[in-house]
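> Have a look at this one.
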Protein chains: 2
Amino acid sequence: MPKPSAEPSFPTVICTVDVVLMTLKDDALHVVLLTRKNAPFAGAPALPGGYIHAQEDRTAWDAAARVLRDKTGIVSPYLEQLATYSGADRDPRGWSASIVYYALISEELLPEGREGLLLAPVAALPALPFDHGEIVALAVERVRSKSQYSSLPVYLCGERMTLPRLQAVYEAVLGEPINKVSFRRKIDELGMLEPIEGELTSGAAHRPAQMYRLRESYRRALSVVPRGINS
Amino acid sequence: MPKPSAEPSFPTVICTVDVVLMTLKDDALHVVLLTRKNAPFAGAPALPGGYIHAQEDRTAWDAAARVLRDKTGIVSPYLEQLATYSGADRDPRGWSASIVYYALISEELLPEGREGLLLAPVAALPALPFDHGEIVALAVERVRSKSQYSSLPVYLCGERMTLPRLQAVYEAVLGEPINKVSFRRKIDELGMLEPIEGELTSGAAHRPAQMYRLRESYRRALSVVPRGINS
C-alpha cells in the first residue's frame with residue numbers, strides 16, 4: 001500500500017515548542033528568559049523556544065528538552081506539557097502552533113553568566129513578544145495549583161534540603177503560610193523524600209536539622225496526594 | 001522588512017485536531033466515535049479529527065469546533081483543550097502533532113442515526129487506532145478530576161434539570177455517591193443554575209421537583225469552587 005501523504009493543499013502550520021522554566025530567587029518565582037537572536041522580535045527577551053525538528057525529535061517533549069539544553073545549557077529533570085497556543089495571529093511568520101512545556105529548577109543549577117539569559121520575576125514581567133506573557137501567567141497558575149497537592153516544588157530545591165527549607169519553598173510558591181504540622185503530614189504522605197543518613201545542617205542560629213533528598217523514583221515523576229497540602 | 005519565512009529545511013509536522021466528546025448513556029460515560037472513511041485505519045472507529053485548515057481556522061479551537069460540526073453534526077457549547085499528542089510514530093503519515101479537545105454533551109442533543117457515528121462506553125472501549133485509546137483515558141481522568149470542583153457535568157444534562165437528576169449525573173461521572181446536603185451546598189456555591197419559574201416536574205412516583213436551567217453566563221465557561229464537591 002502506498003504511504004498516504006499529508007494533505008498538500010493546506011498552508012503549512014509552523015510547529016514549535018516553548019519552555020517556561022521557573023526558579024525561586026529571593027523566595028520569589030522567576031522565569032528564565034532568553035534574548036532573541038533572530039527575527040521576529042530580535043533583541044527582545046522571550047521564552048526559550050524553537051522549531052520541532054521532525055528528523056531529530058521523537059516527540060514534542062524531546063524537542064522541548066533539546067531546545068532548552070541547546071539554547072540555555074539547562075537539562076531539566078522534569079518537563080511537563082502546559083498547553084498548546086495556536087492561531088493565525090500569534091506569530092508574524094504565519095499560522096503557528098506552539099506546544100508549551102513548563103519546568104522548575106533550583107537556582108543553583110542555572111548556568112552563570114550565560115549570554116542573553118535573564119531571570120524575570122513573574123510578579124513584574126517585562127513586556128514579552130508573541131503571547132508569551134499570557135503563557136507565563138498560565139504556567140504560574142498551573143504551578144501554584146499543582147503545588148497544592150503534589151511534590152512539584154521540590155524541584156525548586158537543590159539536591160539536599162531540610163524540611164523547614166522545603167516548607168519555605170512551598171510557602172513562596174503558594175504565596176501563603178502553611179501550618180507546620182499539616183505540612184509535615186502531607187510530606188510524609190507524598191513520600192518523595194528520604195533522609196540522608198548522618199547528615200545534619202550545622203549553623204549557629206538553629207538546632208541542627210536533618211537533611212533530605214528526593215527519592216530516585218520521584219526525580220522524573222511527581223508524587224500526588226488527593227487533598228491539598230494546606231487543607 | 002521582508003517577512004521572515006518558516007525554516008524550510010525541516011520536514012513538515014502534520015498538524016491535526018481530535019475531539020473527545022463524551023456523553024452519559026444509561027448513567028455511564030460514553031465517548032462519541034466515528035468510523036474512519038479514509039486511510040490510515042479506514043473502517044475503524046476513532047475520535048473525530050482532522051487537519052487544521054490554516055486558511056480557514058483562526059485557532060486550533062476553531063479547527064476542533066469545525067471538525068466536530070462537519071463530521072458529526074454536533075455543535076458543542078464547551079470545548080476545552082486536553083493536551084497535544086505528538087511524535088514520529090503515532091501516525092503512519094509522518095511526524096504529527098494532534099491538539100486534542102474534549103467536551104461533554106447531553107445524550108438528547110446527539111444526532112440520531114447519523115452514519116458512522118457510534119457511542120462506546122469508556123469502561124469498555126474497542127481497540128482504537130493511533131494513540132486514541134490513551135487519549136480517551138486521559139480525557140476521562142480529566143473530566144472526573146474537574147467534576148470534583150466545577151460545573152462541568154452540567155453539560156451532560158439537557159437544557160432543564162432537577163437537582164436530584166444533576167446529583168445523579170455527578171455521581172455517575174465521579175463513580176461514587178455524594179452526600180445530598182454537601183452537594184446542594186456546592187451547587188449553591190457554584191451558582192451556575194437558576195430555577196425556571198413555575199416549572200415543576202410532575203410524576204406519580206415522586207414529589208414534584210423544581211426545574212433548573214444553566215445561567216447564561218455559564219453556558220460557555222465553567223464555574224469552579226476551591227474545594228471539592230464531595231469534600
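> In the stretch B:138-157, which residues are assigned to a helix (DSSP H, G or I) and not hydroxyl-bearing (Ser, Thr, Tyr)?
Of the residues in the stretch B:138-157, the ones assigned to a helix (DSSP H, G or I) are B:138-147, B:152-156.
Within the stretch B:138-157, B:Leu138, B:Ala139, B:Val140, B:Glu141, B:Arg142, B:Val143, B:Arg144, B:Lys146, B:Leu152, B:Pro153, B:Val154, B:Leu156 meet the criteria.
> Take the conditions β-branched (Val, Ile, Thr), within 30 Å of B:Arg93 (Cα to Cα) and in the same structural domain as B:Ile74 (by TED's automatic domain parsing) and apply them to B:Val136. Does it pass?
Against the criterion (β-branched (Val, Ile, Thr), within 30 Å of B:Arg93 (Cα to Cα) and in the same structural domain as B:Ile74 (by TED's automatic domain parsing)), B:Val136 qualifies.
> Is it true that B:Gly113 is without any contact (Cβ under 8 Å) to a residue 40 or more places away in the chain, surrounded by fewer than 21 Cβ atoms within 10 Å (Cβ to Cβ) and touching a Lys or Arg at 6+ places or on another chain (Cβ under 9 Å)?
Working: without any contact (Cβ under 8 Å) to a residue 40 or more places away in the chain: yes; surrounded by fewer than 21 Cβ atoms within 10 Å (Cβ to Cβ): yes; touching a Lys or Arg at 6+ places or on another chain (Cβ under 9 Å): no.
So B:Gly113 does not fit the description; no.
> Any residue in the stretch B:188-200 that is assigned to a loop (DSSP other than H, G, I, E, B) sitting within a Cβ distance under 9 Å of a residue that is basic (Lys, Arg)? List the pairs, counting only those 6 or more apart or interchain.
B:Gly191/B:Arg215; B:Met192/B:Arg215
> Please go through the stretch A:3-46 and pick out each residue that is surrounded by fewer than 18 Cβ atoms within 10 Å (Cβ to Cβ), at pLDDT 90 or above and within 12 Å of chain B (Cβ to nearest Cβ).
A:Asn38, A:Ala39, A:Pro40, A:Phe41, A:Ala42
> Note down all Cβ pairs under 8 Å where the first residue falls in the stretch A:157-185 and is without any contact (Cβ under 8 Å) to a residue 24 or more places away in the chain and on the phi < 0 side of the Ramachandran plot, the second is among the aromatic types (Phe, Trp, Tyr) and crowded, with 16+ Cβ neighbours inside 10 Å, and they're at least six residues apart or on different chains.
These pairs meet every condition: A:Gln167/A:Phe183.
> What single numbered condition from (1) in contact with a helix residue (DSSP H, G or I) (Cβ under 8 Å, 6 or more places away or on another chain); (2) part of a helix (DSSP H, G or I) fails to hold for A:Ala97?
Checking A:Ala97 against (1) in contact with a helix residue (DSSP H, G or I) (Cβ under 8 Å, 6 or more places away or on another chain); (2) part of a helix (DSSP H, G or I), the one that fails is (2).
> If you don't mind, there's one more thing I want to ask. For the stretch A:81-91: of the residues being touching a residue at least 12 places away in the same chain (Cβ under 8 Å) and more than 7 Å from chain B (Cβ to nearest Cβ), which is surrounded by the fewest Cβ atoms within 10 Å (Cβ to Cβ)? Explain how you work it out, then say what you get.
Within the stretch A:81-91, the subset touching a residue at least 12 places away in the same chain (Cβ under 8 Å) is A:81-86, A:90-91.
Checking the rest, the ones that are also more than 7 Å from chain B (Cβ to nearest Cβ) come to A:82, A:85, A:90-91.
Working: A:Leu82: 22, A:Tyr85: 24, A:Arg90: 20, A:Asp91: 22.
The selected residue is A:Arg90.
> Mind counting the residues in the stretch A:29-53 that are touching a Ser or Thr at 6+ places or on another chain (Cβ under 7 Å), within 14 Å of A:Thr16 (Cα to Cα) and assigned to a loop (DSSP other than H, G, I, E, B)?
Summing the residues that are touching a Ser or Thr at 6+ places or on another chain (Cβ under 7 Å), within 14 Å of A:Thr16 (Cα to Cα) and assigned to a loop (DSSP other than H, G, I, E, B) in the stretch A:29-53 gives 2.
> Could you identify the single residue in B:Glu141, B:Glu171 that is within 14 Å of another protein chain (Cβ to nearest Cβ) and under 18 Å from B:Ala28 (Cβ atoms)?
Values: B:Glu171 fails: within 14 Å of another protein chain (Cβ to nearest Cβ).
None of the others qualify; the one that does is B:Glu141.
> Considering each of A:Ala54, A:Ala97, A:Ala64 in turn, give the residue that is within 21 Å of B:Gln81 (Cα to Cα), of a type in the set (A, V, I, L, M, F, W, C) and within 10 Å of another protein chain (Cβ to nearest Cβ). Write out each step before concluding.
Numbers: A:Ala54 fails: within 21 Å of B:Gln81 (Cα to Cα); A:Ala64 fails: within 10 Å of another protein chain (Cβ to nearest Cβ).
Step by step, each of A:Ala54, A:Ala97, A:Ala64 is checked, and only A:Ala97 is within 21 Å of B:Gln81 (Cα to Cα), of a type in the set (A, V, I, L, M, F, W, C) and within 10 Å of another protein chain (Cβ to nearest Cβ).
> B:Arg160 is checked against (1) farther than 21 Å from B:Val75 by Cα; (2) touching a strand residue (DSSP E or B) at 6+ places or on another chain (Cβ under 6 Å) and fails just one. What number does that condition carry?
Of (1) farther than 21 Å from B:Val75 by Cα; (2) touching a strand residue (DSSP E or B) at 6+ places or on another chain (Cβ under 6 Å), only one is false for B:Arg160: (1).
The values are calculated or read from the model by the stated rules, or taken from the named source; none is laboratory data. These numbers come from a predicted model, not from an experiment. Every residue, glycine among them, receives a Cβ derived from its backbone with ideal geometry; neighbour counts consider all protein chains shown.
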